[in-house]
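The structure appears right after this line, and notes come after that.
The values are calculated or read from the model by the stated rules, or taken from the named source; none is laboratory data. Computed from a predicted structure; not experimentally measured. Every residue, glycine among them, receives a Cβ derived from its backbone with ideal geometry; neighbour counts consider all protein chains shown.
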Amino acid sequence: MSTWGRTVGDFVVSRISRLYPAYWAAIAFTAAVVSLCPEIRRIDRWGDVLVNLSMMQGGLHVKHLDDAYWTLFVELKFYALFALVVLRGVSYRSCLLFCGFWTAAGVMAPTTGSGLLDFFAIPQFAPYFVAGIAFYLMHRFRQSVLLWVIVVLQFLLAQNYVEARIDSNVDHAANAWPARLIITLAFAAMAAIALGACDRLRWRWLRTAGGVTYPLYLIHMIAGLTVIHHFRDRFPALPLAGGVTVAMITAAWLIQRYVERPATRLLRCGLRQGLEDVRRAGFPETRAPAPHPSVPRQPGPPAEERVKSSL
């Protein structure tokens, strides 16, 4: 959705301006909390905090300031891979080819012993990205047997890593069925959105809630656990957990409203100006063939014709 009808430069600007402003604010927030109350996490090297600002610490084996940040480096690798599709031109056909090649790479990576292939194929998490692409194609065009085959295959491949992820994140033996149930519900929710079952949900507060989710994700873990640990002997468990939850949501809203929104506009304008300078210097980019539609969901015969033409 972020690449349809856009250049690689447009895609890079979109992703940088979307991810980094809230992330930088979250690092400042978490570093302040940890510095004031170094109870469950200490900052031993401020140089590591500076490296965290790049969002690339996962590739350098530098410790995350907040353990939740591990997903962001995985996301950056996905963007790097999909930029290859953008260079070729984003279409129904190119997205399907990308899904096929990435699935094959993810299946081969564990057995080839190639660290480079494993690094970019991300076999543990590739199924969720590939399924997401298939769901978006359903949403933009229409569902098909081929797209459902892709989704079901990714759901099955994701099951291979459930036990390993539990073992690496839980200190005691835990049943796998809750994790499998959560994954199943997530796929079902994405399917409902892709097929239009949620199109009638137009509540105004959803936009605010959606805007808060990213900064909340960035600040909730280490900062939240630190506050809970600090006040655990002064307040009952449920009121403390509820109060910290409200405090984290409020902090996330403040970051989104007063830091992320204005900083995103400034960063986007600056990056776009840089791209314009590159284009004027004589390095034109290849633009994807299909324009970005104002309404992404396009059911009916016109969409079918577009699918046939792209194939």
(message) I'd like the residue in segment 43-52 that is within 22 Å of ALA22 (Cα to Cα) and out of contact with any Ser or Thr (no Cβ under 7 Å at 6 or more places or on another chain) and, out of all such residues, is surrounded by the most Cβ atoms within 10 Å (Cβ to Cβ).
(response) ASN52
(request) Please find, within segment 144-203, the residue that is surrounded by the most Cβ atoms within 10 Å (Cβ to Cβ) out of those that are at pLDDT 95 or above and aromatic (Phe, Trp, Tyr). (result) PHE187
(message) Could you check segment 25-42 and list, in sequence order, the residues that are in contact with a helix residue (DSSP H, G or I) (Cβ under 8 Å, 6 or more places away or on another chain), surrounded by fewer than 18 Cβ atoms within 10 Å (Cβ to Cβ) and either of a type in the set (Gly, Ala, Ser) or free of Cβ contacts under 8 Å to residues at least 40 places away in the same chain (or both)?
(response) ARG42
(message) Contact list please: Cβ distance under 8 Å, first residue in segment 102-115 and under 21 Å from ALA83 (Cβ atoms), second residue among the polar types (S, T, N, Q) and at pLDDT 95 or above, pairs at least six apart or on different chains.
(response) THR103/GLN154
(message) Just the residues that are surrounded by 15 or more Cβ atoms within 10 Å (Cβ to Cβ), out of contact with any Phe, Trp or Tyr (no Cβ under 6 Å at 6 or more places or on another chain) and assigned to a helix (DSSP H, G or I), please, taken from segment 56-67.
(response) GLN57
(request) Consider ARG18 carefully, then state whether it is closer than 27 Å to ASP277 by Cα and either surrounded by fewer than 17 Cβ atoms within 10 Å (Cβ to Cβ) or of a type in the set (S, T, N, Q) (or both). (result) yes
(request) Filter segment 130-180 for residues that are over 18 Å from the mean Cα position of the chain (by Cα) and of a type in the set (Ser, Thr, Tyr) and give the result. (result) SER144, TYR161, SER168
(message) Among the numbered criteria (1) over 21 Å from ARG42 (Cβ atoms); (2) in contact with a helix residue (DSSP H, G or I) (Cβ under 6 Å, 6 or more places away or on another chain); (3) of a type in the set (S, T, N, Q), which one does THR250 miss?
(response) (2)
(message) For a quick check of your reading of the model, give me the residue pairs whose first member lies in segment 245-259 and is without any contact (Cβ under 8 Å) to a residue 40 or more places away in the chain, whose second is part of a helix (DSSP H, G or I) and of a type in the set (D, E, K, R), with beta-carbon atoms closer than 6 Å and at least 6 apart or on different chains.
(response) none
(request) Return yes or no: is TRP148 outside any helix (DSSP H, G or I) and aromatic (Phe, Trp, Tyr)? (result) no
